[in-house]
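Below: one structure, written as structure tokens.
The values are calculated or read from the model by the stated rules, or taken from the named source; none is laboratory data. Fair warning: this is a prediction, and the values are worked out from it, not measured in the lab. So basically every Cβ, Gly included, is an ideal-geometry build from the backbone, and we count neighbours across all protein chains shown. We work out accessible area using only protein heavy atoms, side chains counted, and drop any ligands, DNA or RNA first. Shrake-Rupley method; radii C 1.70, N 1.55, O 1.52, S 1.80 Å.
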Amino acid sequence: MSVNCAQSHELWLFYHIQVPANRCNLFVHQDIHDSFLSQEQTIRSAVECKGIGLHSGAPVRLRILPAAAGTGIVFRRTDLDGFEIEAVSRNVARVSYATSLMKQGVLISTTEHILSAFIGMGIDNAIVELDNLELPILDGSALPFVEMIQKAGVRKQRRARKYLKIRRELEMREGNKFIAIHPADTYSVSYSINFPHPLIGKERFELQLSNGNYLRQIAAARTFGSREDERTMRNMGLIRGASRENCIVLTRDGVENGPLRFPDEFVRHKVLDLVGDLALLGKQILGKVFADRAGHAMHTALVSRILRDKTMWEEVTISEHETPIHTEAGAEAAAGSSL
């Protein structure tokens, strides 16, 4: 089935092999509240990789470094004298095809997959160094970043982790697109998509981000795009680094480089992107997110709306094996604080 150019914008919004349960025991507990962490975390040692940018096609070297408590996630351009850009809402730039950050004219593109991995792995503080403007796409999922974090190890820090607990509902609509967040005591996502392709159509996936669910069900879901729209997108200066090795390539009525890692890998990748984009809130969330045919622009618009309205949320901390405890709503979070 033919996909028009507007719809291809969504297809090439580069949206992971199922991870065995024993790959990582982080967050795996019988009691749901055990998945909450009372303290911030960082990685134990530096880890690195090389690859190419999805849209730029440019080679890039990336290193993840440990960071002090309270640092959040900070991107550092080593090719630009170590210029730093914090992964927070106020630095969001272009979001049409990927979530990019910009500060004082310096750009870092396609940040959503690594930010998603940090949330899924419970990493609050890290420095991400790269020597070009776009992060490497690697295999098109968050799994390579998850494996890098596992290789580096995770270290608990002394600072208490503050969660952003949603206090009341917020809904946003744009045509047939919809996104909302409701109060909840855990972090969960429900996502629906509807693409005019025989292999996709309507898909819906729900996930609670606890008990290792991110690792098993989301991290390996890859981005996808249509071979039919490839030339158009390349003529727009996009997907110059796209290949059969880093995305699902859709033909008119099938998949060119199957098999899929999940039967519904497409909607799972949308969940992956959403988790990464919502990391720009600057804190782990306690709330229920609903999305229907949304994309990066709506994801980041929701972040902005939440942070602008202090009545929407409160900061909470927890003790081990306990439910969240209220703390004073912080102006730091409202300004778009670091993770």
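Just for the range 95-118: of the residues that are on the phi < 0 side of the Ramachandran plot and assigned to a loop (DSSP other than H, G, I, E, B), which one is surrounded by the fewest Cβ atoms within 10 Å (Cβ to Cβ)?
Quick first cut of the range 95-118, residues on the phi < 0 side of the Ramachandran plot only: 95-103, 106-109, 111-118.
With the extra rule that they be assigned to a loop (DSSP other than H, G, I, E, B), the set shrinks to 95-100, 111.
Values: Val95: 18, Ser96: 13, Tyr97: 21, Ala98: 24, Thr99: 28, Ser100: 23, Thr111: 26.
This residue is Ser96.
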Margin query: Which pairs turn up if I take residues in the range 63-86 that are at positive phi and look for partners that are open to solvent by 30 Å² or more (accessible area, probe 1.4 Å) and assigned to a strand (DSSP E or B) with beta carbon separation below 8 Å, at least 6 apart in sequence or on another chain?
Written below: Gly70/Arg159; Gly72/Glu86; Gly82/Arg76
Notebook entry, point to check: open to solvent by 10 Å² or more (accessible area, probe 1.4 Å), within 23 Å of Ala297 (Cα to Cα) and among the β-branched types (Val, Ile, Thr) - does that describe any residue in the range 134-147?
Noted result: no
Item checked: Extreme residue, modelled with the lowest pLDDT, among residues of the range 183-200 that are open to solvent by 20 Å² or more (accessible area, probe 1.4 Å) and out of contact with any helix residue (DSSP H, G or I) (no Cβ under 9 Å at 6 or more places or on another chain) -> Pro198
Item checked: Test set (1) modelled with pLDDT under 95; (2) surrounded by 21 or more Cβ atoms within 10 Å (Cβ to Cβ); (3) in contact with a Ser or Thr (Cβ under 8 Å, 6 or more places away or on another chain); (4) closer than 17 Å to Arg268 by Cα - Ser210 fails condition number -> (2)
Check: Among Ile149, Ile137, which is under 24 Å from Ala294 (Cβ atoms), in contact with a helix residue (DSSP H, G or I) (Cβ under 9 Å, 6 or more places away or on another chain) and β-branched (Val, Ile, Thr)?
Finding: Ile137
